[in-house]
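The values are calculated or read from the model by the stated rules, or taken from the named source; none is laboratory data. Here the structure is a predicted model, which means the values were calculated and not measured. So basically every Cβ, Gly included, is an ideal-geometry build from the backbone, and we count neighbours across all protein chains shown. All accessible areas refer to the heavy atoms of the entire protein, side chains included, with ligands and DNA or RNA removed. Shrake-Rupley method; radii C 1.70, N 1.55, O 1.52, S 1.80 Å.
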Amino acid sequence: MEEIILRDEFIKLGQALKAAGLVESGVEAKIVITEGEVLVNGEVEYQRGKKLYDGDIVSFRGEEILIKQ
């Protein structure tokens, strides 16, 4: 499981996917999110700007990202 350490209070979903190297660009992040391919805490998330906080888990194509403070 990939871990992303927060620099601020939160990170947006699209930024987290890019930071973890799961997508190449913001455009790709937008596409996979709006197509329902990304889960946040087990629920499909369609908002690229969804704010992720400490403890949130993002799942995408068999990979997981843990957001940590």
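Miscellaneous remarks
- Taking amide H positions as modeled 1.01 Å from N, with prolines and chain starts lacking one, the residues under 5 Å from Asp56 and 5 or more places away or on another chain are Ile67.
- Ligands, DNA and RNA left out, the accessible area of segment 27-69 computed with a 1.4 Å probe is 45% carbon and sulfur.
- Listed candidates (1) 32; (2) 43; (3) 13 - label of the one calculated as percent of Cα pairs over 20 Å apart: (3)
- Ordering Ser59, Leu39, Gly26 by Cα displacement along the dipole of the chain toward the positive end leaves Gly26 in first place; charges were set at the Cβ atoms of Lys, Arg (+1) and Asp, Glu (-1).
- Per residue solvent-accessible surface (Å²) - the chain, probe of 1.4 Å: 63 Å²
- In a reduced charge model with +1 at each Lys and Arg Cβ and -1 at each Asp and Glu Cβ, the chain shows a dipole moment near 240 debye about its Cα centre.
- The chain - share of DSSP beta bridges that are antiparallel (%, nearest 5): 75 percent
- Checking every one of the GluC sites (Glu not before Pro) in segment 18-49 against DSSP loop status and a limit of 10 other Cβ atoms within 10 Å picks out Glu24, Glu35.
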